[in-house]
Amino acid sequence: MSMVTIRNLTRTFDVSKPWLNRVLERLPKQTLTAVSDVTFEIEEKTVYALVGESGSGKSTIGKILVGLLPPSNGAVEVEGVDLAHETDKAVLSDLRSNIQMIFQDPYASLNPRWRVKDIIVEPVRARGGKVERLAEKLLEQVGLSALDADKFPHQFSGGQRQRICVARALASEPRLIVCDEPTSALDVSVQAQVLNLMSDLKENLGLTYLFISHDLTVVRHMADRIGVLYLGQLVEEASPDTLFETPKHPYTQMLLAAAPKLDQFGREEEPPQGEIPDPINPPPGCVFNPRCPLAADRCRSERPVLRRVGETRVACHMVEG
């Protein structure tokens with residue numbers, strides 16, 4: 001059963017200069033398409049990972065899913081409710097209490113003037129719920145001490161702060177958690193601890209994750225399904241084993257070739273050809289064609305459609321069905 005259904009999702013941003021500058025310099029309006037016609041589903045109690053370079057639209061999709069940004073076009077349905085078009089405020093309020101987010105920087109997302117117990121129980125207190133001993137219970141659940149509830153965020157290490165963020169996300173008993181690169185700001189050894197904690201919580205509480213990351217090693221061990229984004233477009237989607245063993249899209253192959261490998265220390269890789277296109281003026285056809293070694297005339301004029309090839313969904317003219 002699908003927990004999340006995203007259909008033809010598009011999000012644009014107005015990046016034009018101020019009106020007076022445009023008039024004086026005779027410039028047109030400029031828009032940046034951060035997400036372009038993205039479609040995928042997240043099954044209940046699974047981990048769906050979005051990977052790609054910085055600026056590919058991963059965090060934008062996460063923010064749209066939790067309601068921090070409205071979509072420009074398309075539909076985002078959670079448990080059958082369209083977040084953008086649902087008019088019943090009570091339904092939306094109940095649904096949003098089932099969605100939480102863990103941010104990339106654990107210190108920036110914690111109020112430095114609040115004690116940890118107030119930070120953790122805020123999502124519950126805002127809805128009028130009972131908060132007695134809740135912070136202490138959640139701190140112990142994420143591997144910290146109940147005595148830490150009276151401390152301030154600056155008294156903790158980075159890994160401990162991220163555990164506090166996990167506890168806050170769990171406070172409202174959500175069913176879906178959007179994880180926006182939750183371990184990228186942490187040391188490698190601490191990353192493993194936090195990821196193991198998140199895996200255990202998923203199994204014990206029946207959680208569903210949208211996991212946003214650029215670390216392919218993390219994604220392979222965490223995800224049940226992986227979507228690869230490039231310049232706002234979903235170019236490939238498959239299970240981790242299929243994606244890592246038989247990547248079909250040239251961009252996915254490039255990402256995997258560039259990933260660190262312990263058994264190939266000191267190897268030399270051919271650098272990717274071409275330059276990353278300007279997201280304000282993307283190239284016609286396939287957006288990856290300036291860097292693609294397989295690009296043909298069709299790739300430069302016609303945008304490929306995401307289609308199923310075996311167990312993979314891929315958007316590439318050069319991949320044969």
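The values are calculated or read from the model by the stated rules, or taken from the named source; none is laboratory data. Since the model is a prediction, treat every value here as computed from it, not as a measurement. Here the Cβ positions follow ideal geometry from the backbone for every residue, glycine too, while neighbour counts run over all protein chains shown.
Here F152 meets each of (1) modelled with pLDDT under 95; (2) under 19 Å from P106 (Cβ atoms) with one exception, condition (1).
Taking the numbered list (1) among the β-branched types (V, I, T); (2) assigned to a loop (DSSP other than H, G, I, E, B); (3) closer than 29 Å to P240 by Cα in turn, V178 passes all entries but (2).
Residue by residue, here is whether (1) surrounded by 12 or more Cβ atoms within 10 Å (Cβ to Cβ); (2) in contact with an Asp or Glu (Cβ under 8 Å, 6 or more places away or on another chain); (3) at pLDDT 85 or above; (4) of a type in the set (D, E) holds:
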site: L262; (1), (2), (3), (4): no, no, no, no
site: E269; (1), (2), (3), (4): no, no, no, yes
site: A296; (1), (2), (3), (4): yes, no, yes, no
site: R307; (1), (2), (3), (4): yes, no, yes, no
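Residue pairs whose Cβ atoms lie under 8 Å apart, sitting 6 or more positions apart in sequence or on different chains, and linking a residue in segment 1-13 that is in a strand (DSSP E or B) to a partner that is aromatic (F, W, Y), are V4/Y48; I6/F40. Among residues of segment 123-136 that are assigned to a loop (DSSP other than H, G, I, E, B), those with a Cβ under 6 angstrom from a residue that is surrounded by 14 or more Cβ atoms within 10 Å (Cβ to Cβ), sequence gap 6+ or separate chain, pair up as V131/V121; V131/V124; V131/R125. Screening segment 16-65 for residues that are of a type in the set (S, T, Y) and part of a loop (DSSP other than H, G, I, E, B) and picking the one that is nearest to V81 (Cα to Cα) gives T46.
Among what's in segment 189-223 and is more than 29 Å from S97 (Cβ to Cβ) and among the small types (G, A, S), pick the residue that is modelled with the lowest pLDDT. The residue in question is S189.
Look at segment 88-113: where a residue is within 23 Å of Y209 (Cβ to Cβ) and surrounded by 16 or more Cβ atoms within 10 Å (Cβ to Cβ) and a partner is at pLDDT 85 or above and of a type in the set (S, T, Y), sitting 6+ places away or on another chain with Cβ atoms under 7 Å, you get S97/S172; Q100/S172; F103/S109. So, L83, is that one free of Cβ contacts under 8 Å to residues at least 40 places away in the same chain and buried (at least 16 other Cβ atoms within 10 Å of the Cβ) or not? So L83 passes the test. Among the residues of segment 171-184, are any of a type in the set (V, I, T), crowded, with 16+ Cβ neighbours inside 10 Å, farther than 22 Å from R96 by Cα and out of contact with any His (no Cβ under 7 Å at 6 or more places or on another chain)? Yes - at least one qualifying residue is present in segment 171-184. Under the condition of being among the small types (G, A, S) and at pLDDT below 90, the residues counted in segment 271-294 number 1. The requirement of being in contact with a Pro (Cβ under 6 Å, 6 or more places away or on another chain) and loosely packed, with under 15 Cβ neighbours inside 10 Å is fulfilled nowhere in segment 193-212; no residue meets it. For segment 125-148, the condition holds for no residue, the condition being that it is among the hydrophobic types (A, V, I, L, M, F, W, C), in contact with a Gly (Cβ under 9 Å, 6 or more places away or on another chain) and surrounded by 15 or more Cβ atoms within 10 Å (Cβ to Cβ).
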